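See below for the structure under consideration.
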Amino acid sequence: MDLKDALKDGRAERFLDELSLSVRKIIFSSFPGLTEDEKEEIDQDVKLKILKMAANGKKIGNFRSYVWKMVYSTALDALKARGRDLSLEDVAASGADK
C-alpha cells in the first residue's frame, strides 16, 4: 500500500478515521483492560507512526497485518509503562488482598 496515495486529495481524514476504528477494534479484542487514556494514547501513537511512514514514502505489503503488529507492540509498551508506575507498596497491597 502506498501511504502517500491514501493521504492525498482530502482522503486523509477518512483514512485516519478508518485507521482509528481498526486500532480501537484491535485494542478492544486483545487488550480490554486498558484505560480509556491508554487506548487513546495507543490510537494517537499508531496514527503518528503511520503518518511518519507516509511522509518517508514507505510502502507496506500487508497493511492490516502491519497495523495489528504496531497496535500490539504499542499496547504492550503501555502495559510495561503501567508496571513501572506501580510502587512497591501498591504491589504488596494488591497481593495481600488475595
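3J(HN,Hα) along the range 68-82: 4, 4, 5, 5, 4, 5, 5, 5, 5, 4, 5, 5, 5, 5, 4 Hz, from the Karplus curve 6.51 cos²θ - 1.76 cosθ + 1.60 with θ = phi - 60°, whole Hz, x for Gly and Pro.
Checking the table Lys58/Lys80; Lys59/Lys80; Lys25/Lys47; Lys25/Lys58; Lys39/Lys80 against a 20 Å threshold on Cα-Cα, which pairs fail? Violating the 20 Å Cα-Cα cut-off are Lys58/Lys80; Lys59/Lys80; Lys25/Lys58. Using all Cα-Cα distances in the range 17-82, what percent lands in each 10 angstrom bin from 0 up to the longest? Pairs per bin, as whole percents: 21, 56, 20, 2.
Each value in this text was obtained by applying a stated rule to the coordinates, not by laboratory testing. Note that the structure is predicted; figures quoted are calculated from it, not measured.
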